Amino acid sequence: MVITPIHYIIVPLIAAFAIPLISKIHKELYRIVPGIVMFYNIIISFVLMKEVNEVGYISEIIAGWEAPWGINLIITPFSGFLVSLISVLGFLIWLYQYRFKKVIDVGEIKSYGIMQMLMITGAIGIIITGDIFNLFVFMEIVAITAVSLTSFYRGRDGAEAGFKYLLIGSFASAMVLLAILILYTQVGTLNMAEISERMHLVPQGIKATILILFIVGFGIEAELFPLNGWAPDAYSQAPGPTSAAFAGIVVKAGIYGLIRIIFTLFDIDGAFDFLIIAGLVTMIIAEFSAVKQTNLKRMLAYSSIGQMGLVLIAFGIGTKEAVFAALFLMFNHAIIKSLLFMTGSILMYNSKDKTILSIHGIAKKLPYVSILFAIGSFAIVGLPPFSGFWSKLYILTAAANKEMILLIIAILAVSIVEIVYYFRVVSKLYFAEDTEHIEIFKPSINSLIAMGVLAITIIVIGVYPDLITGYLHNAADMLLDKTSYIKFVLNNNVQIQ
Amino acid sequence: MIAIIIIIIMAVLLLAAAIYSVLHRDLLFAVLGTGIVSVILSLFFYLLQAPDVALTEAAIGIALTTIIFVITIRNTSRDEDEIIDKENEKL
Amino acid sequence: MQEEFNEIFLKYHEIITLGVYGTAIGLMLIGLYAILTKKNLVKIVIGLSIFDAGIHLLFVGIGYVKGGTAPIFSPGYENAGNRMVDPVPQALVLTAIVIGFAVTAVALSLVIRLYKHHNTAKIDQIKSLKW
Amino acid sequence: MKKVLVIILLVIIGYFLAETFINIPFGENRIGDINLEKPTAAGYYLSNTTEKSKVANVITAIVVNYRGLDTLGEVTVLFLATTGIASILYRRKEEEENAETERLSLPSSNIVRSGARVLFPTIALLGIYVFIHGHLTPGGGFQGGTIVATGFLLMLISYKGFNTNHNRMVWIESLAGLSFIFLGIWGLISDNTFLGNIPEVGKLNSLISGGLIPLIYIAVGFKVAVELTGILDILLKIKPKK
């Protein structure tokens, strides 16, 4: 059987519909099924990335209707890169949570596996679809799974965070729906390439309205200020692996939606300035809120929002170099923040009252986890031997080439704030007086492997950044090349065999 | 002429039912209001040549949405401000 | 009956425009009002479903074509393709209604769970997170 | 005070919406001529559905075939809602045993029960009729499935002892979902595109027409019916407050 992009969607769905049946046959099998699916996703990504680097684009039509009539899935170097990243992370998160201690009951773990898997599928769907309403449907899949996973634990705050997320999320999807509606009246199509082609026919006023609606809609998933009120609650209440999936996967899909709308659908002046300003405000407010957090997961959540602000700034600078830097930062943030959430939730699980204060000196008892957490912290603030350093450097040089001095100062100032709060935690882990702990729960070997793989990636990319910069340059070029995308989807729609 | 009046009455009723369901303190009646909104809405869909959508709205909006709201209210409080319940508890 | 209404739609076009768009936007605003001001969680969910209903009406409204018939080629309408209403928004709104129901159901189950824990369904009394 | 602010905000939003929709005339024909060489999407669907898909109801053709991936996603959303609600309201085994499961029920007089007994088959048949004829008349899998679920609702609230067979529900749900995907994969094998249709069978406006479209809609109907019944069942089983 030939591997095509549709496998990303149908294989997890077959697994999801079959898991209730499988669980009746074998008790252990249905825990492993999501892992097999995730591993298969990695294989698909591998094959497709190889192909896309030779061909340039892969497009698959669905139900036999060519591009403007039916739905098409499209893989560009940019989306292919993100999808591969998500597939790998998805597998590692599964590996990490396999036999996760806190999830005990059979009924629960069944639905947990299904929802986690389909959340990742939804995020992949957002990225590869070429149709705007289809994107909305995948967004809803992500939203519903994210809400259910946020309120997964029995505690009282989970439901509250979930409700908050649901309220904001359904408002966002209503905005996206409204935007699609207005867009449809103007261009008469739902295919993104054709919309992009006909966008110049739309009057400026309506275009601006559509853009605002889309930004509100996707800004919520992308954690744009002031739409990110759900994020700290959801991150801190969700199970650990889910928080890692939020930071590494869901947010990436949201950012991708926002960027794709702005880059391929609109060419309004001021959209890029808007990105810079929105990113700057998001970053500054989030990083300063992170400092005063006492809950580790909340602190990581705010830091995650701040990093997304930085990504938006980089996209807003708009040059090829800056887009490259933004992609690099997205990659880094995905792996580093996932590592931080994975290690952080183990640390939190072993602390008495879930605050940073109660993990003093835990490094002696959990040496591996602590060192992995330290690696993550050093990487995310941008210390030299780790991969985070390069992405920050590229963003700063891109800003310098455009002579945005104030921006550089702001980024550097925020980095200092970041260093303050991350080093505070790390130093407390290692150097503070030992306080009494509850019984220590040692991480299982598979979760140590998952975290170890991430940490090794961080160091390897930090030492040899050239390993991925080639792919990233390619991806950045393709993102900015709007016309060849349109041409490929609409005219040269050869089906890949 | 009568038809146009019917349409205007429908629009006014729709908005009135929506306002009623937002403002009424007894949640059971508020839910009844949303049911009426769905009924008139599905009539609107029928007149706007969308029988498929009208059928969906009738089946989902009128029947199912209303019933899950009613189930929720049965499991929570019927009064919006929960004053009646608190008084009942005192007694 | 639908044909009769079609003639009327042609005759009193402005009033119908106001009727459909006005009602739809009115529903959205009423729903938004409930979401923003109400303290009771059930009321907020009611507001959400009214807001959705407004958007659905807008969808069907923009798909309508003056004098068009429903997009079904039933016997007797085989060649009516050129005077049918736009089928795409109707197909989209079908999807949107079902998704909206799913979201409402999840929201209400969360309300039930919140009520169980806090014995209240009012935002200002559920204090652990900031609203 | 807050209310005044909100109303001002709403007036502004309403103004913007009105401003936008004034530029989108109501009832205008945006489809254009459907016989052009390159019509709009809607025009293409209107001019080609009867010939290429052999389906009378264009909406069904769009929902199941042209935009079939949306429908797959939609079914998945319902599936996830059922799973999510089950996990949100989940009770551990020991809790389950302690709690007396008492469902919301109508005052169960004989009249109600015998009425439900008569009505249930009628409603279920109506629902099944609606989703079997989805490609000919208005309605289809979602509408029919919802109607069937309403019938189950009637039984659930009028008979205290009426229990949906959980095991059978799981089987029907899984098999319906899987058959949707496998019908799609049939297209992948025969036509090289997922959900590709084989419309050669039958003629327009007869029950057997439209290739795989009615089959897929029937699978959707079963799945939606079981999923919605599942949601209602979970919600009805919650132990009410005293």
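The values are calculated or read from the model by the stated rules, or taken from the named source; none is laboratory data. If you're wondering where the values come from, they're calculated on a predicted model, not measured in any experiment. When we count neighbours, we look across all protein chains shown, and the Cβ atoms used for this are built from the backbone with ideal geometry, even at glycine. Accessible surface areas use protein heavy atoms only, side chains included; no ligands, DNA or RNA. Shrake-Rupley method; radii C 1.70, N 1.55, O 1.52, S 1.80 Å.
Brief remarks follow.
- The average projected area of the protein assembly as shown, computed from the convex hull of its Cα atoms over all directions, is 38.2 nm².
- Neighbour cut-off at most 14 other Cβ (10 Å), DSSP loop, trypsin sites (Lys or Arg not before Pro), chain B: B:25
- Expressed per residue, the C-alpha convex hull volume of chain A stands at 133 Å³.
- Taking 21 Å as the limit for the C-alpha separation, the pairs A:337/A:402; A:207/C:11; A:292/A:337; A:482/D:52; C:122/D:2 exceed it in the case of A:337/A:402; A:207/C:11; A:482/D:52.
- Computed with a 1.4 Å probe over protein heavy atoms only, the accessible area of residue A:441 comes to about 40 Å².
- Label zone at residue D:168, where the point sits 7 Å out along the Cα-to-Cβ direction: the range D:211-240 residues whose backbone N lies under 14 Å: D:226
- Of all accessible heavy-atom area on the range D:1-73, the percent that carbon and sulfur account for (1.4 Å): 66 percent
- Distance histogram in 5 Å bins (all Cα pairs of the range A:319-447, percent per bin): 2, 11, 18, 20, 15, 12, 9, 7, 5, 2, 0
- All Cα-Cα distances of the range C:18-57, cut into 10 Å bins from zero to the largest, leave 39, 46, 14, 1 percent in each bin in turn.
- The accessible-area ordering, largest first, of the residues A:198, A:99 stands as A:99, A:198, per a 1.4 angstrom probe.
- For trypsin sites (Lys or Arg not before Pro), the sites in the range D:131-230 that DSSP calls loop and that have at most 12 other Cβ atoms within 10 Å are D:203.
- Per principal axis, descending, Cα span of chain D in whole Å: 68, 61, 37
- In whole angstrom, the range A:1-125 maps to an equivalent ellipsoid with semi-axes of 30, 16, 11, each derived as √(5λ) from the alpha carbon gyration tensor and ordered largest first.
- ³J(HN,Hα), Karplus 6.51/-1.76/1.60, whole Hz, each residue of the range A:452-458, x for Gly, Pro: x, 4, 4, 5, 5, 4, 4
- Between the amide H of residue D:212 and those of D:198, distances stay under 5 Å, these residues lying 5 or more places away or on another chain, with hydrogens modeled in the peptide plane.
- Only helices enter the 222 nm calculation for the protein assembly as shown: every DSSP H run of n ≥ 4 contributes -39,500 (n - 2.57), and dividing by all residues gives -23000 deg cm²/dmol, rounded to 500.
- Nearest-20 debye value, chain A charge dipole, Cβ charges on Lys, Arg, Asp, Glu: 1280 debye
- If only the Cβ of Lys and Arg carry +1 and only the Cβ of Asp and Glu carry -1, the dipole of chain D around its Cα centre is close to 840 debye.
- Taking amide hydrogens as placed 1.01 Å from N in the peptide plane, the amide H of residue C:69 sits under 5 Å from those of C:84, C:85, each at least 5 positions away in sequence or on another chain.
- The residue list A:44, A:121, A:232 was ranked by how far each Cα lies along the charge dipole of chain A toward its positive end, using unit charges on Cβ atoms, and A:232 comes out on top.
- Cα pair distances exceeding 24 angstrom across the range A:139-261, given as percent: 32 percent
- Each label point was placed 7 Å from the Cα along the Cα-to-Cβ direction; for residue B:2 and residue A:54 their separation is 7.4 nm.
- Sequentially through the range A:222-232, phi angles give Karplus couplings (6.51, -1.76, 1.60; θ = phi - 60°) of 8, 6, 7, 5, x, 9, 9, x, 6, 4, x Hz, Gly and Pro residues having no value and appearing as x.
- Counting only protein heavy atoms and a 1.4 Å probe, the protein assembly as shown has 35 square angstrom of accessible area per residue.
- Of the cross-linked pairs A:365/A:442; C:66/D:54; A:164/C:116; C:38/D:237; A:252/A:442, those separated by over 20 Å at the C-alpha level are C:66/D:54; C:38/D:237; A:252/A:442.
- Placing a label point 7 Å from the Cα of residue D:23 along the Cα-to-Cβ direction, the residues of the range A:203-221 whose backbone N falls under 11 Å from that point are A:203-211.
- Selected from A:63, A:162, A:263, residue furthest toward positive end of dipole (the protein assembly as shown; charges at beta carbon): A:162
- Paramagnetic reach from residue A:480 in the range A:76-92 [backbone N under 20 Å; point 7 Å along Cα→Cβ]: A:76-82
- Separation in nanometres of the label points that stand 7 Å from Cα toward Cβ, at residue D:11 and residue D:198: 6.4 nm
- When A:233, D:191 are compared by accessible area at a 1.4 angstrom probe, the order from most to least is D:191, A:233.
- Electrostatic dipole magnitude of the protein assembly as shown [Cβ: Lys, Arg +1; Asp, Glu -1; Cα centre; debye, to 20]: 2560 debye
- A simple spin-label model places the labels of residue A:413 and residue A:273 2.1 nm from each other, with each point 7 Å out along Cα-to-Cβ.
- Surface accessible to a 1.4 Å probe, residue D:4 within the full protein complex, Å²: 80 Å²
- Accessible-area value, residue B:4, 1.4 Å probe, nucleic acids and ligands omitted, Å²: 10 Å²
- Each of A:337, D:237 has its accessible area taken with a 1.4 Å probe; listed largest first, they run D:237, A:337.
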